[in-house]
Amino acid sequence: MNTMTKPVLLTGLRANNDLHIGNYFGALLPLIDMARTRSAEYQINLFVPDLHSFTTPIDHSQLQAQIIHNLRLFAAAGLPLDDPGIHIYRQSYISAHSELAWIFDCFTGFGEMSRMTQFKDKSARLSDDRVSVGLFNYPVLMAADILLYGASYVPVGDDQSQHLEFTRDIAERLNNQFGELFVVPKPVKDQHDFFGKDQGLRIKDLIDPSKKMSKSDESGKGIIFLGDDPETAAKKIMGATTDSIGVVHYDPAAQPGISNLLTIHALLSGETIQAVADHHDGDTSYGDLKKEVAEQVKDFLTDFKAKLMSVNDEQLTAKLEADEAAMNQVANQMLLRVQQAVGLRPKAV
Ligand code: TYM
């Protein structure tokens, strides 16, 4: 089983673009909050799934800089770099991820992958020749990312819940066939309870609030990136799509744009959505609500920019390299157990 002694909390954020506030509040912050407060009880892994970054076409000349930028964002978001209980790494520097993914591929059904809603959504937006096999089976690599380290808790936004369920399925499938190999991550509901109020959320695109805010989206107008100039980001909020009802209610189905602004407001102020929704319920000026959220976004990004400027790059690189060496050992041990189980290596005597 897991070679580490403490329960593992793990998450990854792709580097196909700058991270946005959905990534920040959906996945990064819950893990960093845990890292700050509970690293004595948990092993914390935060990694850049760089191999996942080009499941849809990207500008490859930007990828290397983007990977480093995202690692710096982790530090700017408050990840303690001097804590030995916290690990940061790049997926492609640990080849066990790819090797385990191949083994999992052979235990995964075509139908199972075809049912993944994220694949259906993303592939629908691309022409057939741009829909890669990598996009199709990326949840398999994601399962390897999680199961190699025996992670029990994986904070992710709502769009990744189905992939997490698949991870549980494949872990149980191999455990049933080969004996207890993997720690099965907790069910999504337990994860939400564990990480608290912001879990499982889905921040919507500002221009088209019927879809999630997504960094794969090329126009960028409906997205608040962590690296956005604060004034530009405030303008994006002012330009957010609302509705013609004219009265503020938190009602994601009938008023998705307004409800999204209330959600962003709540996340930025640290209040619950309920509290913010109650406070604004019945207001008749969408403009005033937008101005309030725009100011909050501006303050948040100004502060974040200052934190980004003060990241210690030398300390970050040293930690990254040391952690990658350590994680290679952990991951290779797990991979060997799987290779032995499936008959690729002789069993230990
Ligand atoms: P990625 O890189 O698309 O997104 C990173 C994290 O941000 C969350 N997220 C959101 N949360 C709320 N609202 C949004 N609009 C929003 N958009 C994105 C995502 O749910 C995710 O948690 N497959 C993963 C990366 C990955 C991973 C892993 C995660 C690869 N291996 C292992 C956890 C464990 C992905 O593409 O996330």
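Considering only residues that are in a loop (DSSP other than H, G, I, E, B) and of a type in the set (D, E), which ones fall in the stretch 161-183? Lay out the reasoning, then the answer.
Of all residues in the stretch 161-183, those in a loop (DSSP other than H, G, I, E, B) come to 179-183.
E180 - this is the single residue of the stretch 161-183 that is in a loop (DSSP other than H, G, I, E, B) and of a type in the set (D, E).
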Condition test on D50, is it more than 12 Å from the ligand (Cβ to nearest atom), among the charged types (D, E, K, R) and touching a residue at least 24 places away in the same chain (Cβ under 8 Å)? no
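Could you grab me the full set of residues in the stretch 36-58 that are of a type in the set (A, V, I, L, M, F, W, C) and crowded, with 23+ Cβ neighbours inside 10 Å? Let's see the steps before the verdict.
Applying the first criterion (of a type in the set (A, V, I, L, M, F, W, C)) to the stretch 36-58 yields 40, 44, 46-48, 51, 54, 58.
Matches in the stretch 36-58: I44, L46, F47, V48.
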If you go through the stretch 128-138 one residue at a time, do you hit one that is more than 10 Å from the ligand (Cβ to nearest atom), touching a strand residue (DSSP E or B) at 6+ places or on another chain (Cβ under 9 Å) and closer than 24 Å to I94 by Cα? no
Exclusive hit being farther than 22 Å from I203 by Cα, touching a strand residue (DSSP E or B) at 6+ places or on another chain (Cβ under 7 Å) and within 12 Å of the ligand (Cβ to nearest atom), set L9, L31: L9
Answer yes if at least one residue in the stretch 185-196 is within 15 Å of the ligand (Cβ to nearest atom), assigned by TED's automatic domain parsing to the domain that holds S123 and either charged (D, E, K, R) or over 24 Å from S161 (Cβ atoms) (or both), and no otherwise. yes
Consider K291 against the criteria (1) more than 20 Å from A65 (Cα to Cα); (2) within 24 Å of the chain's Cα centre (by Cα); (3) touching a residue at least 12 places away in the same chain (Cβ under 8 Å): it satisfies all of them except one. Which criterion is unmet? (2)
Looking only at the stretch 123-167, and only at residues there that are open to solvent by less than 30 Å² (accessible area, probe 1.4 Å) and of a type in the set (S, T, Y), the one that is nearest to K212 (Cα to Cα): S161
Assess whether T232 counts as being near the ligand (Cβ under 10 Å from one of its atoms) and either in a helix (DSSP H, G or I) or open to solvent by 30 Å² or more (accessible area, probe 1.4 Å) (or both). no
List pairs: first residue in the stretch 156-167 and within 8 Å of the ligand (Cβ to nearest atom), second residue basic (K, R) anywhere in the structure, Cβ distance under 7 angstrom, at least six positions apart or on different chains. G157/R202; D158/R202; D159/R202; D159/K212
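Tell me whether the stretch 59-78 contains one or more residues that are assigned to a loop (DSSP other than H, G, I, E, B) and under 30 Å from L262 (Cβ atoms). Before you say what the answer is, go through the steps one by one.
Let us first name the residues in the stretch 59-78 that are assigned to a loop (DSSP other than H, G, I, E, B), namely 59, 77-78.
Narrowing the set further to residues that are under 30 Å from L262 (Cβ atoms) leaves 77-78.
Looking through the stretch 59-78, at least one residue is assigned to a loop (DSSP other than H, G, I, E, B) and under 30 Å from L262 (Cβ atoms).
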Determine whether H52 is in contact with a Phe, Trp or Tyr (Cβ under 8 Å, 6 or more places away or on another chain), modelled with pLDDT of 95 or more and farther than 23 Å from N328 by Cα. no
Testing G85 on (1) at pLDDT below 95; (2) within 14 Å of the ligand (Cβ to nearest atom); (3) over 24 Å from D158 (Cα atoms), one condition comes back false. Which one is that? (2)
Considering (1) at pLDDT below 95; (2) surrounded by fewer than 17 Cβ atoms within 10 Å (Cβ to Cβ); (3) in contact with a helix residue (DSSP H, G or I) (Cβ under 9 Å, 6 or more places away or on another chain), say which one K189 fails and leave the rest. (3)
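Return yes or no: is V330 outside the structural domain of E172 (by TED's automatic domain parsing), open to solvent by less than 80 Å² (accessible area, probe 1.4 Å) and of a type outside the set (F, W, Y)?
On the way: outside the structural domain of E172 (by TED's automatic domain parsing): no; open to solvent by less than 80 Å² (accessible area, probe 1.4 Å): yes; of a type outside the set (F, W, Y): yes.
Judged against the criteria, V330 is not a match.
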Out of F119, F107, which single residue is away from the ligand (no atom under 11 Å from the Cβ), out of contact with any Gly (no Cβ under 7 Å at 6 or more places or on another chain), in a loop (DSSP other than H, G, I, E, B) and in the same structural domain as L28 (by TED's automatic domain parsing)? F107
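The values are calculated or read from the model by the stated rules, or taken from the named source; none is laboratory data. Keep in mind the model is a prediction, meaning the values are calculated, not measured. Here the Cβ is made from the backbone with ideal geometry for all residues, glycine too, and neighbour counts use every protein chain on show. The protein model used for the area step is the full one, side chains on, heavy atoms only, and it has no ligands, DNA or RNA in it. Shrake-Rupley method; radii C 1.70, N 1.55, O 1.52, S 1.80 Å.
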